[in-house]
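Let me begin by presenting the structure, written as structure tokens, before commenting on it.
Computed from the coordinates by the stated procedures, all read-outs in this text should not be read as laboratory data. These figures come from a predicted structure and were not determined experimentally. Here the Cβ positions follow ideal geometry from the backbone for every residue, glycine too, while neighbour counts run over all protein chains shown.
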Amino acid sequence: MSASTVAPEQRWLVALDIDGTVLHEDGSLPDAALAEITRLRDAGHEVMLATGRSVAMTMPVLERLDIAPEYVVCSNGAITLRRDESAPTGYRREHVETFDPSGVLESIRPHLSQANYAVEDETGMYRYTGWFPDGALGAVSEEVPFERLAYEPATRVVVISPGHAMEEFLAAVELMGLHQVSYNVGWTAWLDIAPDGVNKSTALERVRDALAIDPRRVLAVGDGRNDIEMLAWAVAGGGRGVAMGQAPEEVVAAASETTARDTADGLAKALAALV
């Protein structure tokens, strides 16, 4: 790692989504993106991850990228990590947002009776009922009856319903009346529910303030509906919000610019403009 070449007041805060942005759908890491991330890291910019992934599923990506930012945002903003060399992973939980998931679960189940449910607690432990794809919940999980899902405060509730077409799923979500929480619908019939008012942007604003980085020197890049608030936050502060080329229309609408698809080195092209 080379010495920083930018003055502190010239640093950019570069907040990157993981899946579909840093990594391809198959989990591969493009060489061009890695090269740009390394260049920005070595120049002294703060390159960090802001992801819907749990802590356990985020840490290996930091290692693959060979970056050690001061902060990392996980679980769609519910968990913010801070670098701490004394911690086993090199990071400790700096800020955690939780909520009582019982009301949400009770309101959703009548609308999606055949869905599969998981609840993540602040330690990263998932309790789930039903079926989830291999690796979707990380390494620490326990299958439990539905009634036990609400035993602990949650950082998020995850609902998947593979039997629903996307349009049907979105229609069901509209009928649920999800109050006191924030939610995002993924690419497939996947619902991610966080504490009220919590998303990637709320965590990133705390990070930006703690690092004393000018909001005009913020670059956020993402491709999913859970990136909408993050991109809009970057743009509102006078920074850059970049939507990946494959992003849905509502994600593109929140951004200030669009780059190429992840499979066409979109992230590398977006980062190349920073010096």
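Of the GluC sites (Glu not before Pro) found in region 27-88, those in coil by DSSP whose Cβ has at most 11 other Cβ atoms within 10 Å are Glu85. Couplings 3J(HN,Hα) of region 56-73, computed from phi: 4, 8, 8, 4, x, 6, 4, 5, 5, 7, 6, 10, 9, x, 5, 10, 9, 9 Hz, in residue order, whole Hz [Karplus 6.51 cos²θ - 1.76 cosθ + 1.60, θ = phi - 60°; x for Gly and Pro].
Which of rounded, prolate, oblate describes region 132-272, given a ≥ b ≥ c as roots of the alpha-carbon gyration tensor eigenvalues and a/c under 1.5 marking rounded, otherwise prolate only if a/b is larger than b/c? Don't skip to the answer; put the middle values down first.
Numbers: a/c = 1.93, a/b = 1.52, b/c = 1.27.
Note, shape of region 132-272 comes out prolate.
Quick one: work out the % antiparallel among DSSP beta bridges in the chain, nearest 5. Display every interim value, and only then the final one.
Numbers: 28 of 47 bridges.
Expressed as a percentage, antiparallel bridges in the chain total about 60.
In region 200-244, the alpha-carbon atoms span a convex hull of 51 Å³ per residue. With springs connecting C-alpha atoms under 10 Å apart, model the chain as a Gaussian network and identify which of Asp17, Asp223, Asp31 has the largest mean-square fluctuation. Among Asp17, Asp223, Asp31, the largest GNM mean-square fluctuation belongs to Asp31.
When a/c reaches 1.5 or more, the comparison of a/b and b/c decides; with that in mind, is region 194-275 rounded, prolate or oblate per its Cα gyration tensor? Since a/c reaches 1.5 but b/c is at least a/b, the shape of region 194-275 is classed as oblate.
Neighbours of Asp84, meaning other residues whose beta-carbon lies under 15 angstrom from its beta-carbon, give a summed charge of +1 when Lys and Arg score +1 and Asp and Glu score -1. Amide H contacts of Thr258: Ala243, each under 5 Å away and 5 or more positions distant or on a separate chain (H built 1.01 Å from N in the peptide plane; Pro and chain starts excluded). Binning the alpha carbon pair distances of the chain at 5 angstrom intervals from zero yields the distribution 1, 6, 13, 17, 19, 17, 12, 8, 4, 2, 0, 0, expressed in whole percent. Of all the options Leu13, Leu112, Leu231, the one that moves most in a Gaussian network model of the chain with Cα springs shorter than 10 angstrom is Leu112. Each of Glu143 and Leu175 was given a label point 7 Å from its Cα along the Cα-to-Cβ line. The distance between the two points is 2.9 nm. Against the chain, whose longest principal axis is taken from its Cα atoms, helix 31-43 shows a tilt of about 60°. In the elastic network of the chain, a GNM with C-alpha springs shorter than 10 Å, the most mobile of Ala212, Ala154, Ala254 is Ala212.
Largest first, the three principal axis extents of the alpha carbons in region 102-195 are 32, 28, 21 Å in whole numbers.
Distance between the modelled labels on Glu106 and Glu9, one decimal in nanometres: 5.5 nm (7 Å Cα→Cβ projection).
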